Structure formats: C-alpha cells, structure tokens
Amino acid sequence: MTTLLSSLCQSTEDVRRAIRSMPDVVTMIVDFWTAIVDADLCCLGIESDSRMPELVLLTLRVSVTLPMAACVESESRTESVPLPLITRAAGGVERVVITALKYIRMITRGMPRINPREALSRYAPGHYTANSVCFSHCVRFLLSASQFDPVLREAWISRGSIQIVTMAIKRLSRRILTKHGDGLADDPDSGLEYRRSLLEGGYIYLKFALQSVDDGVTVACQSLQSGLLETILQFGSSDSANSNRFRRVHNADLALLGDITRYFVYERVLIILSKSLEKIVSQNIESHARQDASLYAAWMDVKETAFRNLRMKASVAKDVHPLYAPGCAFPDCSAHGTMGGDVVLWRCSGCLVSAYCSKACQRSHWDEEHRTVCNIARHGLGTQGSRDLRRSIPIISLIETMQGLSDGGRIDALVAEAQHKTPGDRDRLVVELDMTMVPPEFKVRRFDDYLELFVPDFWKEIEGTMRMSQQATGKYLAVVVKVPDGNRAHTLWSPKTALAWGFGWGPGGDSHWLQTRKFVSSLPG
C-alpha cells in the first residue's frame, strides 16, 4: 500500500491534490508514518538474516515519507493543506514534531554504519540513494509544514531541527558525495549530481528558518555550531556539466552562505564563528572550495566580512570600549575604572552597557545621570530590541562607522537626490544603513517614516541635538540602522551616535563621518 501511494505521489500535482482532499487516505498515510518510524524487521515480517534487511526497512521508510511530504507540499500558497488532520491523526503537535525529527536522526545514525569498503557491492549504491531520498522527503515535509503552520515551525526549532538537519547534511554528504568506485558517480540518474540534488532541501530549510523564525540569531548560532560552514566548504556547490539537470535552481548552499553572513553583526554569532574559522584554517577545509569557482567566490565574501567583524569585536572587548571593562560605572565608587577581575558586577538591564558593583551604586548613578543616557540607549533600539541586539551595539556601531567612511560619497549623492525629489522634506531626511543586505546598503527616507518605530517621546527628547547635528552636516537629520533577526528587522537609531551622546564613547556625535577616521584606523588588523 505504501509503495502504491508513493508511486501516485510521484505523478501529477492533480493526483497529489486529490490525495490531500481525501481525509481517510491522509489518515492512513499518517498511521503508516507514525508506525514505521519505530518498526523493526520482526514486526514487519522481514527475516533478520535477509541479505540486506536494513535496506528493506529503509525502502519502506522512503515509501511512506514521500506521501507525507505530498500531503503538505502544495504548489499554491492559497490551497488549504490538511495539517490539522495530520496533527490529530498523529496524536498532537508534539508527536508530529518528534516523529519527523526521528526519521532524520535515524538516517544520520544509519549512514556511518555503511562500510565504504562495501561500495563495490551492488547493494551499497541503493543504500546510499535510499538514505538521501528519505532525507529529501523528510526536509520537504519540515519545510512545507513550517511554511503553513508557525506553531510547528517554532516547535521543530525548539526541538533541535537546525542541529539535526545540519548534522544530517554533513554526514550524508560525506558518504553520498564521494566517488566510491561503484561506477555510478557520473550516472545522470543516480550519480553524484543526483545525490547532491537530494540534499538541496536541507539547505533550503535552513535558509527558510533563518528568515522566518522569531529568533534568527539562535538559528544562526546552532547552524554554525553544527558545522554548517565546514560542510558547505567541503561538499557544497558544483561546476559539473550535469548540475543543471538536478540543481542550481535555488543555489541553496551558496544562498545560505550569504544569508548567514547577515548575522555576523551579533556578538554571540561572532563568538561561535571564530571557533568555526579556527577549524577551517587548521584543517585546511578551504582547499575543496578553491576548486569550485562559484563556491570560492561566495566564501571569499563571507570570509572578508567574518574577519572584519571579528576584528571589531576584539577591539570592543579589549581596547576600544571602556564601558565594557570590569569596573563599576558609578564615578564616585572605589571600584570605578577598576580593571581587576575581583569585583562582581551586574549590568544595567535597560542599556546593557553600564555595570555596577551594588544596587546602591546603580541607584545613585541613576539619579545623577544614568536615567537620561540609559533612555537614549534603550529607546534607540526601537520597540523590540533583544538582548543579543543590545549586547552587540558596540560592534554594530563600528560597522556603521566603517560603512560611513567607505560610502561617504554615495551617501551625499543619495541625500542630494532625495532633496531634489522631495523638496518639502529636504531638512527632514534620514539616512538608513540596511544591514539586512549583504553587503550593507545605504538608503535615504523621510523622517516621518520612522516615527512609529520608536517610543513616542524619544524623538522629542533628542530633536534639539539632532538639529544641531544637521547644522553641522547641512544634509540629513539622523541616521538609523536596520539589523536582521529572523522574520523581522530591528531598526535602531544610530548606535554610533547613541553611544557617543549617552556614554561619551567613540569620536562623538553625528557631525560628520570623517570625524571617526582616526578612531577606526586605530583598530588592530
């Protein structure tokens, strides 16, 4: 029965749509799906001394995961898919989540048991292909169900789908994308390019997760921790003649490289990234990428951004940012400016910049001056600033500074163009640095477009200072920075300016980008 359903699901979209419209058939598919994931050879009536018992069981899993993917995979975003029915038939959201991930984990665990020396056997290619086909069906189900149901999407993420899918791609690639002497490496129907196409869904799912979840920073961290960069460098892309037949429709691995680069502005991501780069350098993992022009070009862009931002992070941590040094922020405290590590500090939950050795010091500093500067730092993050974002403000500030220095002429041209197009707003223009793009891009928009993105009284508090800044530049009123985070982007009022006005850090103010040249040139590397 599962084989028949699998064959039907490989036919036209009309047939798959008909299957989705029949509740009894969908329920039967779900019953098979939940039963076979935990089945063993005995309960299925398969003799354990069969020549290839695991391959038989794996074939059954392949034949049931395809109909499950077809149940939720629609060519039309407006078509209703039977996800509620699937959830009920499986026994709830938790059962759907656990079962889907269990299939992928079983594939991942099964691949290392395949002895590469058996590759000459006529059974090994079937085992390789069956594992990769089953993986392809599983991630198609994850992706399609996640697109239609945000509850399932977040549940899979919380259950570790990012690590599980990344590790599966890594282990499958190591086996199925290697020429083992089976004579099928260049076969158009079962060779390396066909097998490579079966892994594309994994990269597409990871890219979708980065763009659609509530916490994109965590997804980026989990991907890097699981060896995503190393895997793409070793097994990604392909310039072979057969590639157009099966892949490069999405360029998912290369697109994912660019997408994860957008998160290199976050401190937590950079900490994990540094360990990944150390491994890549020490093990010479880059060598494969040099043989693939497309992959190597994409990696060079990633590498340039990574090392640039890591140098900035090192500067913030060691030399540039005294506010993050171990010492109480209250000037009258004996521990103020102390560089020793013996003082226990608690960081201000509002700005996440100033730190104090006691609540008494925090209250005293709050009453004297910190209330105002904390307000600037906190409100400048917009209405949805995350902890990861606030901890990364100094790094984002340096990126803003360097982009301003390198693109100063471009900014002037954009402002002049906007003033010409909207003369009524010529003194109410805002320069936006969009870090959701790779590389970051500058835009110029009307000041009124940003009013609702911040606390209502925020602009009133700083308007006088902004006007003074505008008199110095004679061009624009303010700078904002847009930073990626999953399914949304955070818009910040200029971190460089906020830190300068609120804490006296950096070269100060928004008077001119070139005031920061000496400051940036002092950065190591």
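The values are calculated or read from the model by the stated rules, or taken from the named source; none is laboratory data. As the structure is a prediction and not an experimental result, all values here were calculated from the model. Here the Cβ is made from the backbone with ideal geometry for all residues, glycine too, and neighbour counts use every protein chain on show. In case anyone asks, the SASA skips ligands and DNA or RNA and just uses the protein heavy atoms, side chains included. Shrake-Rupley method; radii C 1.70, N 1.55, O 1.52, S 1.80 Å.
Give me the number: length gained by fully extending Asn487 to Arg428, i.e. 0.36 nm times residue separation minus the C-alpha to C-alpha distance, one decimal in nm.
18.3 nm
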Worksheet entry | Net charge over other residues, Cβ less than 12 angstrom from the Cβ of Thr305 (K, R count +1; D, E count -1) | +2
Worksheet item: So how much slack lies between Glu452 and Glu278, counting 0.36 nm per residue of separation and subtracting their Cα-Cα distance, in nm?
Response: 58.4 nm
Fill in: Cα centroid separation, segment 415-451 to segment 249-277 (Å)
28 Å
Discussion item. With the crude spin-label approximation of a point 7 Å out along Cα→Cβ, what separation in nm comes out for Arg105 versus His336?
Written reply: 5.5 nm
Worksheet item: Between Asp14 and Arg391, 0.36 nm times their residue separation minus their Cα-Cα distance comes to what?
Response: 130.6 nm
Practice prompt. Sticking with the crude label model, points 7 Å out along Cα→Cβ, report the distance from Ser364 to Asp24 in nm, one decimal please.
Written response: 8.1 nm
Discussion item. If amide hydrogens are placed 1.01 Å from N in the peptide plane, which non-local residues have theirs closer than 5 Å to the one on His336?
Written reply: Cys328
Item to complete: Using a 1.4 angstrom probe, figure out how much accessible area segment 262-313 has per residue, in square angstrom, rounded to the nearest whole.
Response: 48 Å²
Practice prompt. On the full set of protein chains, 1.4 Å probe, figure out the accessible area of Asp412 and give it in Å² to the nearest 10.
Written response: 70 Å²
